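Take a look at the structure set out below.
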Amino acid sequence: ELPGMFLDGVVAVTFDEGLSSLLADLETRMPVVYTDKFDLEAREYGVCSDHFNSGYLAAKHFLAHGKRKPALFGLDYRPVRERLAGFKKALAEAKVVSDERLITLFSPETSRLAVMTRMVRAGADAIYAPGTSFQAMECLHILTYSMGLKVPQDISLIGGENVGISPLMNPPLTTIAEPLREMAERAAEMIDRLTAGEKVSPRHVILPVQLIERDSVA
């Protein structure tokens, strides 16, 4: 419906191949600001959280607690691949070999139980489940109720922060918090200035993340 609407600009918070083509066409007529698009071209505008550092911080935290077979569990899309790059960098710096059996990027249709069972059987001693769509809660449920494991006694877990929920889990989850509100504010500010005809610099804004330490890593 977008091409038939009267619009001043667009903030894109999700984009598949078809939508990306449409947004590229809209860019010729109006400002478009992308969020969490990690293959931005020089001409494009975007606001991202530092997903690379999310993965780096998670792996560093596991390593600091003596973990040597940390796993990463997530949907196969660009933000998770960014986190994976940071995750692997931290392992490489510590001279810990990245075991590909413990790195699983999967499609939405994939059985999470099957994925996690394979990782645990491969010897995972910690799991990073990034994202703010309750991925870590899903992992915690599977580990605890489907696999009979204790977090963090048997396996450690780091997730994405879900405000007001992550601290209430059993155990309270160690997480990587993304600046979602600030991202929205910066994107809105950017589109407001662009639609007013102002020049915006820098075009690409990367906002920092924060590790929140609780009780799911030991």
Inset, instruction - Mind telling me which of the residues Thr195, Thr144 ends up being within 23 Å of Met30 (Cα to Cα) and out of contact with any strand residue (DSSP E or B) (no Cβ under 6 Å at 6 or more places or on another chain)? - result: Thr195
Inset, instruction - Tell me which of these Arg43 doesn't satisfy, since it passes every other one: (1) farther than 30 Å from Ala196 by Cβ; (2) open to solvent by 20 Å² or more (accessible area, probe 1.4 Å); (3) charged (D, E, K, R). - result: (1)
Legend entry - Filter result (among the hydrophobic types (A, V, I, L, M, F, W, C), open to solvent by 50 Å² or more (accessible area, probe 1.4 Å) and not in a helix (DSSP H, G or I)) within the range 106-146: Phe134
Legend entry - Ala85 vs. criteria under 15 Å from the mean Cα position of the chain (by Cα), surrounded by fewer than 16 Cβ atoms within 10 Å (Cβ to Cβ) and farther than 27 Å from Gly148 by Cβ: yes
Inset, instruction - State which residue is surrounded by the most Cβ atoms within 10 Å (Cβ to Cβ) when the search covers only the range 165-205 and only residues that are closer than 19 Å to Ser49 by Cβ and among the small types (Gly, Ala, Ser). - result: Ser166
Inset, instruction - Tell me which residues, restricted to the range 15-59, are touching a Lys or Arg at 6+ places or on another chain (Cβ under 7 Å), of a type in the set (Ser, Thr, Tyr) and more than 16 Å from Gly74 (Cβ to Cβ). - result: Tyr45
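Against the definition (touching a residue at least 60 places away in the same chain (Cβ under 8 Å), hydrophobic (A, V, I, L, M, F, W, C), assigned to a strand (DSSP E or B) and touching a Leu at 6+ places or on another chain (Cβ under 6 Å)), how does Ile176 come out, yes or no?
yes
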Legend entry - Qualifying residues in the range 148-164 (those that are assigned to a strand (DSSP E or B) and small (Gly, Ala, Ser)) - the one farthest from Asp50 (Cα to Cα): Ser156
Inset, instruction - Output the number of residues of the range 50-78 satisfying the condition of being open to solvent by 10 Å² or more (accessible area, probe 1.4 Å), assigned to a helix (DSSP H, G or I) and either touching a residue at least 40 places away in the same chain (Cβ under 8 Å) or hydrophobic (A, V, I, L, M, F, W, C) (or both). - result: 7
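Taking Leu7 as the residue in question, decide whether it is crowded, with 21+ Cβ neighbours inside 10 Å, of a type in the set (A, V, I, L, M, F, W, C) and under 27 Å from Arg181 (Cα atoms).
The answer is no for Leu7.
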Legend entry - Qualifying residue in the range 28-37 (condition: open to solvent by 40 Å² or more (accessible area, probe 1.4 Å) and in contact with a helix residue (DSSP H, G or I) (Cβ under 9 Å, 6 or more places away or on another chain)): no
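The values are calculated or read from the model by the stated rules, or taken from the named source; none is laboratory data. Because the structure is a prediction, the values reported are computed rather than measured. Quick reminder, even Gly has a Cβ in these numbers, built from the backbone with ideal geometry, and neighbours come from all protein chains shown. The area values use the complete protein model at the heavy-atom level, side chains included, leaving out ligands, DNA and RNA. Shrake-Rupley method; radii C 1.70, N 1.55, O 1.52, S 1.80 Å.
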